[in-house]
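Colleague: Questions regarding the structure given below will be posed in turn.
The values are calculated or read from the model by the stated rules, or taken from the named source; none is laboratory data. The shown structure was predicted, so the numbers you read here are calculated from the model rather than taken from an experiment. No Cβ is skipped: glycine too gets one built from the backbone with ideal geometry, and neighbour counts run over all protein chains shown. All accessible areas refer to the heavy atoms of the entire protein, side chains included, with ligands and DNA or RNA removed. Shrake-Rupley method; radii C 1.70, N 1.55, O 1.52, S 1.80 Å.
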Amino acid sequence: MRAGTGAAFLVLPVSGGSEAAAAAAEEAEGRGGTLVRGGALLGVLLICVAVLRRWIAGGVCRSRRRQDGKTVLVTGANTGIGKETCRELARRGARVVMACRDLARAERAAEEIRQSTGNGNVVIRHLDLASLYSVRQFAKEFLDSEDRLDILVNNAGVMMCPKWLTEDGLETQLAVNHLAHFLLTNLLLPKLKSSAPSRVVTVSSIAHRGGRIDFDDLLFDKRPYSPLVSYQQSKLANVLFSRELARRLRGSGVSSFCLHPGVIRTELGRHVEGWFPLLGTVLRLPSLLFMKTPWQGCQTSLYCAVTPGLEDQSGSYFSDCTMKEAAPEGRDDEAAGRLWRESMRLVELKETC
């Protein structure tokens with residue numbers, strides 16, 4: 001019989017094992033610390049972006065005043081801040097007239113507004129601001145068909161387009177942004193006065209700062225054309241028009257306001273991207289973070305349209321739902337009067353307020 005033998009095993013520590021484990025633990029701790037620091041940095045960054053977005057969003061119209069029984073007209077109403085202005089006023093019960101050049105797009109926008117607000121009293125009318133004939137036809141039909149006009153929002157505009165001429169031979173930015181709205185407002189004044197208290201709200205821009213009205217060459221017939229200089233002139237014209245309108249309508253019950261809506265993510269900047277396509281591509285992502293949405297952009301228009309007690313501030317300039325001081329060029333009463341007279345001549349308007 002074979003005797004069994006027992007085997008004994010001695011376990012010895014592996015040389016350097018404790019050092020390796022310690023190093024691994026230290027490395028893991030380092031990775032964990034990096035992740036914590038990275039997470040903290042990301043958290044701070046997200047908070048900063050949220051705070052910045054809140055600041056960029058600007059003011060919000062706090063008035064909840066209803067607009068039942070009132071009629072509102074908004075130009076350039078099928079997209080951007082014009083569309084959102086219509087939506088907010090429809091939500092408050094107003095009859096909303098959307099004045100647009102493209103009736104197919106306008107009807108789609110109007111139906112969307114009807115569905116989202118439950119207000120079926122939203123209608124579209126054709127208006128091409130690049131045609132003074134169209135402006136006159138629109139005004140005639142509006143005066144014949146509408147009982148009242150409580151709020152006129154001169155919202156439509158073009159921005160930094162090439163040197164185009166309208167069918168009337170007028171430089172497009174001055175024609176669309178200022179002259180067409182000048183004519184439209186004057187033609188609709190009888191309805192605004194009979195509906196008083198009523199308001200005219202004109203969308204301008206902070207770009208009026210640094211602008212200049214070149215009375216010797218308003219239409220760039222002599223000087224080299226600059227899309228930016230032309231845009232600044234047209235936006236300054238908005239400010240001066242609103243100011244002079246308020247002066248002329250003092251005591252009539254019709255108030256006039258102009259405003260800067262902010263930098264908005266809308267189709268308005270399409271010509272800027274046309275001039276600088278690479279810049280447009282580079283800025284597309286930051287624009288999502290650092291520009292207002294159309295809803296945020298419409299808030300100052302809405303504020304000027306519905307906030308009670310603004311009548312004493314007629315002729316003023318607003319931004320972020322707050323009255324601000326326009327640039328010195330926008331407070332020049334002599335220039336405002338002269339621009340009014342030149343505008344009458346260019347649109348062939350013989351009678352005015």
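Residue by residue, here is whether (1) within 23 Å of Phe257 (Cα to Cα); (2) over 21 Å from the mean Cα position of the chain (by Cα) holds:
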{"site": "Ala77", "(1), (2)": "yes, no"}
{"site": "Arg87", "(1), (2)": "yes, no"}
{"site": "Ala139", "(1), (2)": "yes, yes"}
{"site": "Phe142", "(1), (2)": "yes, yes"}
{"site": "Ile151", "(1), (2)": "yes, no"}
{"site": "Met160", "(1), (2)": "no, no"}
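Colleague: Report, ordered by the first and then the second residue, all pairs with beta carbons closer than 7 Å, sequence separation of six or more or different chains, a first member in segment 193-217 that is free of Cβ contacts under 8 Å to residues at least 12 places away in the same chain, and a second member that is assigned to a loop (DSSP other than H, G, I, E, B) and surrounded by fewer than 21 Cβ atoms within 10 Å (Cβ to Cβ).
Modeller: Pairs found: Asp217/Arg223.
Colleague: Just wondering, is there one or more residues in segment 123-136 that are more than 29 Å from Glu348 (Cα to Cα), of a type outside the set (Ser, Thr, Tyr) and surrounded by fewer than 22 Cβ atoms within 10 Å (Cβ to Cβ)?
Modeller: Yes, because at least one residue in segment 123-136 is more than 29 Å from Glu348 (Cα to Cα), of a type outside the set (Ser, Thr, Tyr) and surrounded by fewer than 22 Cβ atoms within 10 Å (Cβ to Cβ).
Colleague: Please go through segment 142-158 and give me each residue that is crowded, with 20+ Cβ neighbours inside 10 Å and charged (D, E, K, R), ordered by number.
Modeller: If the condition is that a residue be crowded, with 20+ Cβ neighbours inside 10 Å and charged (D, E, K, R), then Asp150 is the only one that fits.
Colleague: Right, another one. Between a first residue in segment 90-119 that is under 21 Å from Ser134 (Cα atoms) and a second residue that is in a helix (DSSP H, G or I) and among the β-branched types (Val, Ile, Thr), which pairs have beta carbons less than 8 Å apart while being 6 or more apart in sequence or on different chains?
Modeller: Filtered contacts from segment 90-119: Val96/Ile113.
Colleague: Let me ask something else. Got a sec? Which of Arg101, Arg148 is among the basic types (Lys, Arg) and within 29 Å of Leu218 (Cβ to Cβ)?
Modeller: Sole residue among the options that is among the basic types (Lys, Arg) and within 29 Å of Leu218 (Cβ to Cβ): Arg101.
Colleague: In addition: Test Ala156 against the criterion of being part of a loop (DSSP other than H, G, I, E, B), of a type in the set (Gly, Ala, Ser) and in contact with a Gly (Cβ under 6 Å, 6 or more places away or on another chain), and give yes or no.
Modeller: yes
Colleague: For segment 168-222, which residues satisfy the criterion of being in a helix (DSSP H, G or I), small (Gly, Ala, Ser) and open to solvent by less than 10 Å² (accessible area, probe 1.4 Å)?
Modeller: Answer for segment 168-222, where residues must be in a helix (DSSP H, G or I), small (Gly, Ala, Ser) and open to solvent by less than 10 Å² (accessible area, probe 1.4 Å): Ala175, Ala180.
Colleague: Next question. Applying the selection to segment 306-315, what residues are open to solvent by 10 Å² or more (accessible area, probe 1.4 Å) and either more than 14 Å from Phe257 (Cβ to Cβ) or not charged (D, E, K, R) (or both)?
Modeller: Those that are open to solvent by 10 Å² or more (accessible area, probe 1.4 Å) and either more than 14 Å from Phe257 (Cβ to Cβ) or not charged (D, E, K, R) (or both): Thr307, Pro308, Gly309, Gln313, Ser314, Gly315.
Colleague: Okay, moving on. For segment 82-111, what are the residues that are open to solvent by less than 30 Å² (accessible area, probe 1.4 Å), part of a helix (DSSP H, G or I) and more than 20 Å from Ser63 (Cα to Cα)?
Modeller: Ala106, Ala109, Ala110 - these are the residues of segment 82-111 that are open to solvent by less than 30 Å² (accessible area, probe 1.4 Å), part of a helix (DSSP H, G or I) and more than 20 Å from Ser63 (Cα to Cα).
Colleague: Look at Arg114 and say whether it is outside any helix (DSSP H, G or I) and surrounded by fewer than 23 Cβ atoms within 10 Å (Cβ to Cβ).
Modeller: So Arg114 does not fit the description; no.
Colleague: Within the set of pairs 6 or more residues apart or between chains, which connect a residue that is open to solvent by 80 Å² or more (accessible area, probe 1.4 Å) inside segment 316-331 to a residue that is modelled with pLDDT of 95 or more with Cβ atoms less than 6 Å apart?
Modeller: Listed by first residue and then by second, the contacts come to Met323/Gln313; Met323/Ser316; Lys324/Tyr317.
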